[in-house]
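See structure below.
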Amino acid sequence: MNIDATDRRILQATAGGLPLTPHPFAEIARWLDLTEAEVMDRMARMQAAGVIRRIALAPNHYALGMVANGMSVWDVADDRAAGLGAQVGALPFVSHCYLRPRSLPDWPYNLFAMIHGTSRPEVETKRGQIARLLGPACRAQDILYSTRILKKTGMRLAEGG
Amino acid sequence: MRRQLPPEALDATDRKLLNHLQDGIEITAAPFTALARETGLTEAALLDRIARLREIGAITRFGPFLDAAAMGGAFCLCAMAVPEDRFEEVMTLVNAHAEVAHNYERQHRLNMWFVLACERAEGIASTAADIEAETGLTVHLFPKVQEFFIGFRVEA
């Protein structure tokens, strides 16, 4: 979808968050000198086209007690990776699961699965479950724990553009 | 390191709001009415609670989540091996790019992992090249080949 200048103004105005009022779309309309109906219509169209995935809350995993957050990474045989990836992604404790290219020789891993837990032993147990699921199709693995959020703003649109 | 909230910081209603609002709100004139009714709150009280959750750091954002690919752009996971004594300097250079949507420190030789979100797909390579030029470090690119989507959410 091509977004026009007005769509862009709406996305820029809400990049920092939705106004916390009972009628947030009317408030956005006031900011931008549009009607509430036009804001809602444009945002609904962007959501239908997938430009807006959802209008939702992003929890701070760490603050909520999910203090162990590990990016588990796996070197899975190419011919098995899609099928096994779908199974790993379906595990209840995996929040994101992706196939990505390797970056050899530094990085042999092609399957990435984010595991969240309240402690590292809990995450390690879950990692073991993934290892058993992958079996011999997995040739190497590692886990990268996050130690600090350095930035978390979400996607920002360039001004004007 | 980030601050963990004490368990008593959130009551049952806060937890219910956190769980519900991760799924997203409808685009309607009064999107909070139904949830307010369901939780037995007035809309004003519900909105006050969301504002408080943001203030105490239980949530990082409440707003639209955008998909760069749907507007002709791209996301790309990137990683760098940053020498410890240059970490803060490199972090400042990387984070200064508006295209960096989030950035995490991780325990590994590749210790800085960030996501580029660009409105045009070519922006990924050019932003990565800019970061390499500014830092003198290699940026490894890990674009997604396939995503396995699941409805995971944090149970608060």
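Worth a mention:
- Taking the criterion of being in contact with a helix residue (DSSP H, G or I) (Cβ under 8 Å, 6 or more places away or on another chain) and among the charged types (D, E, K, R), the residues of the range B:5-28 that qualify are B:14, B:16.
- Of all residues in the range B:102-117, none satisfies being in contact with a helix residue (DSSP H, G or I) (Cβ under 8 Å, 6 or more places away or on another chain) and farther than 30 Å from residue A:92 by Cβ.
- Filter pass, residue B:28 being more than 8 Å from chain A (Cβ to nearest Cβ), at pLDDT 90 or above and more than 30 Å from residue B:97 (Cα to Cα): no
Per-residue answers, yes or no, for (1) in contact with an Asp or Glu (Cβ under 9 Å, 6 or more places away or on another chain); (2) surrounded by fewer than 20 Cβ atoms within 10 Å (Cβ to Cβ):
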{"position": "A:77", "(1), (2)": "no, yes"}
{"position": "A:118", "(1), (2)": "no, yes"}
{"position": "A:121", "(1), (2)": "no, yes"}
{"position": "A:149", "(1), (2)": "yes, yes"}
{"position": "A:157", "(1), (2)": "yes, no"}
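- Cross-chain or 6+ apart pairs with Cβ under 7 Å, the range B:14-41 first and free of Cβ contacts under 8 Å to residues at least 40 places away in the same chain, then among the acidic types (Asp, Glu): B:29/A:36; B:32/B:43; B:33/B:43; B:36/B:43
- Residue that is farthest from the chain's Cα centre (by Cα) [pool: residues in the range B:135-150 that are within 22 Å of residue B:96 (Cβ to Cβ) and not aliphatic (A, V, I, L, M)]: B:136
- Being among the β-branched types (Val, Ile, Thr) and open to solvent by less than 30 Å² (accessible area, probe 1.4 Å) is not true of residue B:145.
- Any hit, the range B:120-139, residues being at the interface with chain A (Cβ under 8 Å from one of its Cβ atoms) and either open to solvent by 20 Å² or more (accessible area, probe 1.4 Å) or at pLDDT below 95 (or both): no
- If you go through the range A:1-27 and keep only what is under 14 Å from residue A:42 (Cβ atoms) and among the acidic types (Asp, Glu), you end up with A:4, A:7.
- Scanning the range A:79-106 for residues that are in contact (Cβ under 8 Å) with a residue 24 or more places away in the chain, surrounded by 16 or more Cβ atoms within 10 Å (Cβ to Cβ) and either more than 9 Å from chain B (Cβ to nearest Cβ) or touching a strand residue (DSSP E or B) at 6+ places or on another chain (Cβ under 7 Å) (or both) yields A:81, A:84, A:85, A:88, A:89, A:93, A:94.
- The set of residues from the range B:21-60 being among the hydroxyl-bearing types (Ser, Thr, Tyr) and either open to solvent by less than 30 Å² (accessible area, probe 1.4 Å) or in contact with a Phe, Trp or Tyr (Cβ under 6 Å, 6 or more places away or on another chain) (or both) comprises just one member, B:39.
- Applying the condition of being open to solvent by less than 60 Å² (accessible area, probe 1.4 Å) and closer than 15 Å to residue A:146 by Cα to the range B:109-119 and asking which residue is farthest from the chain's Cα centre (by Cα) yields B:110.
- Condition met for residue A:68 (more than 9 Å from every other protein chain (Cβ to nearest Cβ), modelled with pLDDT under 95 and closer than 30 Å to residue B:79 by Cα): yes
- Residues located in the range B:1-20, provided they are facing chain A (nearest Cβ under 7 Å), open to solvent by less than 80 Å² (accessible area, probe 1.4 Å) and part of a loop (DSSP other than H, G, I, E, B): B:2, B:5
- Number of residues in the range B:62-93 that are within 7 Å of chain A (Cβ to nearest Cβ) and either open to solvent by less than 10 Å² (accessible area, probe 1.4 Å) or touching a helix residue (DSSP H, G or I) at 6+ places or on another chain (Cβ under 9 Å) (or both) equals 7.
The values are calculated or read from the model by the stated rules, or taken from the named source; none is laboratory data. Computed from a predicted model, the values in this text were never measured in an experiment. Methodologically, a virtual Cβ is constructed for each residue, glycine included, from the backbone with ideal geometry; neighbour enumeration extends over all protein chains shown. The area values use the complete protein model at the heavy-atom level, side chains included, leaving out ligands, DNA and RNA. Shrake-Rupley method; radii C 1.70, N 1.55, O 1.52, S 1.80 Å.
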